[in-house]
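The values are calculated or read from the model by the stated rules, or taken from the named source; none is laboratory data. In this text the structure is predicted, and so the values were computed from the model without any measurement. Methodologically, a virtual Cβ is constructed for each residue, glycine included, from the backbone with ideal geometry; neighbour enumeration extends over all protein chains shown. For the accessible areas, the whole protein counts, side chains as well, though only heavy atoms, and no ligand, DNA or RNA atoms are used. Shrake-Rupley method; radii C 1.70, N 1.55, O 1.52, S 1.80 Å.
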Amino acid sequence: MEICYTFRMRYSKLFGKTIKDAPKDEVAVNAKLLLRGGFIDKLMTGSYTLLHLGRRVEQKIEQIIREEMNATGAGEILMPLLHPKEIWNEAGRWDTAREIMYQFEKDGKEYALSFTHEEIVMDLIRKHVASYKDFPVKIYHFSTKFRDEKRAKSGILRGREFLMKDLYSAHVSEEDMMKYYDEIKKVYIKIFKRMGLDALLTQAGGGVFTKNFTHEFQVIADSGEDEIIYCPKGDFCANVEVKTEEEKCKLCQTPLKKAKAIEVGNIFPLGTYYSEKMKVNFTDKDGKRQPVWLASYGIGLTRAVGAIVEVHHDEKGIIWPKEVAPYDVHLIHIEDPTTEKFVKEVNDTLEKNGIEVLWDDRETVSAGAKFADADLIGIPVRLVVSKRNADKIEFKERKSDKSELLGLEEVIKRLG
Ligand SMILES: [Zn+2]
């Protein structure tokens with residue numbers, strides 16, 4: 001599926017400009033840089049607007065996930081966020097998840113704002129699927145989640161309202177469930193790689209989801225709220241919450257290492273826990289009623305945006321990996337009447353070649369301020385058109401200190 005993006009944006013028309021200082025109460029690097037860069041706006045603690053640039057990064061992440069989900073045969077749906085109490089009562093989570101769930105009463109009826117959808121998916125399967133022939137079921141959606149966070153201090157890494165992708169798979173047997181579960185482990189590593197994140201498959205506990213073992217995807221970062229213990233050779237990784245005693249890797253005897261990490265995804269082989277409580281059954285080959293095997297798989301999208309910033313930045317600002325950058329190119333014009341025609345030609349040619357351009361067309365802003373903004377915003381390639389460069393364009397990658405003077409054709413070739 002192709003998403004129609006605006007290919008170019010003039011900085012003068014962009015809603016959400018860079019600001020000099022982040023609000024004093026922000027301590028997290030991701031929030032400071034995203035606020036200063038004009039990617040997000042803070043409504044209250046744990047609650048942010050994605051401004052145009054932030055939304056574009058999120059959309060790029062969303063599209064990577066969509067492509068990889070579809071490739072496993074999963075189908076996209078969209079489920080409601082406002083849930084009646086009764087459905088949460090069926091599996092007993094109205095009470096057990098009370099701590100983190102927004103619950104309220106309106107006109108004598110009780111509701112919750114969703115932080116996950118296991119019960120809703122089970123209800124859908126109960127209504128729409130009956131025979132073993134209808135399995136496996138693989139459905140996913142992108143939606144807002146609500147969580148009553150008591151310690152929302154990590155910028156967009158831990159919001160009270162945030163975007164998530166959740167996938168649910170339902171199966172006729174444990175064997176079939178685990179086969180898809182193992183496939184998704186690999187798919188998740190690939191998804192995070194495409195975003196520029198080296199995620200480690202990590203053993204973890206189940207929280208309010210399950211008593212079974214589960215897996216998290218952790219990205220090593222000093223700002224992480226989790227702590228992991230892992231084999232540096234990649235044999236093993238666990239959240240310290242579930243494993244603390246061992247000192248050496250069982251496989252290769254290398255001493256295990258500890259590190260702070262950000263959890264960017266989690267997967268849960270839930271089994272028949274929900275189907276038994278909610279009486280969600282299918283008819284097997286012999287005509288017997290059997291409980292459905294369920295697994296769920298989450299990726300936090302807003303959290304991924306924050307994690308990418310935590311991993312990819314320097315003292316000047318953000319350094320977006322290519323595949324999730326809000327635009328491909330940051331085009332700067334050092335204002336001069338003799339180069340106006342040329343900068344328009346550069347912009348049009350880039351657009352015709354499918355290259356997404358953020359064009360800093362501001363007339364009263366100094367070259368130095370424009371360069372500082374480009375470094376803060378962090379688009380992978382900066383192009384400068386100026387009188388001094390004549391019919392050449394200065395080409396500089398955000399991650400490098402070197403710049404080169406290139407002709408327009410060569411620039412297009414490099415960006416292709
Ligand atoms: Zn090892």
Practice task
On a 0 to 90° scale, report how tilted helix 118-128 is relative to the longest principal axis of the chain, with both axes built from alpha carbons and the result rounded to the nearest 10.
Solution key: 70
Handout entry: Average projection area in nm² (convex hull over Cα atoms of the stretch 11-89, one quarter of hull surface)
Key = 8.7
Exercise for the section: Evaluate E = 1/(1 + (r/R0)^6) for His52 and Asp286, where r is the Cβ-Cβ distance and R0 equals 45 Å; express this FRET efficiency to the nearest 0.05. Expected result: 0.20
Problem - Relative contact order computed over the stretch 34-143 (Cα-Cα under 8 Å; 6+ residues apart), in percent - result: 26
Exercise for the section: Before anything else, pin down the relative contact order of the chain: Cα pairs under 8 Å, at least 6 apart, normalised by residue count, whole percent. Expected result: 17
Practice task
Can you tell me the dipole magnitude for the chain around its Cα centre, using point charges on the Cβ only (Lys, Arg +1; Asp, Glu -1), in Debye to the nearest 20?
Solution key: 140
Exercise for the section: Quick one: angle between helix 174-195 and the longest Cα principal axis of the chain, in degrees between 0 and 90, rounded to 10, please. Expected result: 10
Problem - Shape category assigned to the stretch 180-234 from the gyration tensor of Cα positions, a/c cut at 1.5 - result: oblate
Practice task
Leaving ligands, DNA and RNA out of it, report the carbon-plus-sulfur percent of the accessible area of the stretch 307-397 at a 1.4 Å probe.
Solution key: 50
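Which length gain, in nm to one decimal place, applies between Asp134 and Gln59 when the Cα-Cα distance is subtracted from 0.36 nm times their residue separation?
Taking 0.36 nm per residue and subtracting the Cα distance, the gain is 23.8 nm.
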Exercise for the section: Report, in deg cm²/dmol and to the nearest 500, the calculated mean residue ellipticity at 222 nm for the chain, where each DSSP H run with n ≥ 4 adds -39500 (n - 2.57) and the sum is divided by the residue count. Expected result: -8500 deg cm²/dmol
Fill in the blank from the handout: Rg/Rh over Cα atoms for the stretch 20-171, Kirkwood Rh, comes to 1.03
Exercise for the section: Would you mind working out the magnitude of the charge dipole of the stretch 122-199 relative to its Cα centre, with +1 at each Lys and Arg C-beta and -1 at each Asp and Glu C-beta, to the nearest 20 Debye? Expected result: 460
Handout entry: Which of Gln59, Phe236, Phe135, positive extreme of dipole for the chain (C-beta unit charges)
Key = Gln59
Problem - In degrees, nearest ten, helix 340-352 long axis to first principal axis of the chain (Cα) - result: 30
Practice task
Quick one: divide the alpha-carbon radius of gyration of the chain by 2.2 N^0.38 Å and tell me what you get.
Solution key: 1.11
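Of the GluC sites (Glu not before Pro) in the stretch 317-416, which ones lie in a loop per DSSP and count no more than 13 other C-beta atoms within 10 Å?
The qualifying sites are Glu363.
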Handout entry: Distance in nm between pseudo-label sites at Glu245 and Thr349 (7 Å out along the Cβ direction from Cα)
Key = 6.8
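Gain in length, Gln103 to Asp148, computed as 0.36 nm per residue apart minus the alpha-carbon separation, to one decimal in nm?
Full extension from Gln103 to Asp148 adds 15.2 nm.
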Practice task
Compute the accessible area per residue over the chain, keeping the other protein chains in place, probe 1.4 Å, unit Å².
Solution key: 48
Problem - Convex hull projection area averaged over all views, the stretch 226-330, Cα basis, nm² - result: 12.4
Problem - Most positive-pole-ward Cα, Ile318, Phe192, Ile308, against dipole of the chain from beta carbon charges - result: Ile318
Problem - Difference of contour (0.36 nm per residue) and Cα-Cα distance, Arg126 to Lys402 - result: 93.3 nm
Practice task
Return the carbon/sulfur percentage of the accessible area of the stretch 209-297, one whole number, probe 1.4 Å, all protein chains in place.
Solution key: 46
Exercise for the section: Could you please state how large a percent of the accessible area of the stretch 100-208 is carbon and sulfur, counting protein chains only and using a 1.4 Å probe? Expected result: 51
Handout entry: Dipole-positive endmost among Ser12, Leu201, Asn89 within the chain (Cβ charges, Cα centre)
Key = Ser12
Problem - Mean Cα-pair separation over length for the stretch 183-237, i.e. relative contact order, pairs under 8 Å, 6 or more apart, % - result: 27
Practice task
Send over the Kirkwood Rh of the stretch 136-241, from the inverse of the averaged 1/r over different Cα pairs, rounded to one decimal Å.
Solution key: 15.8
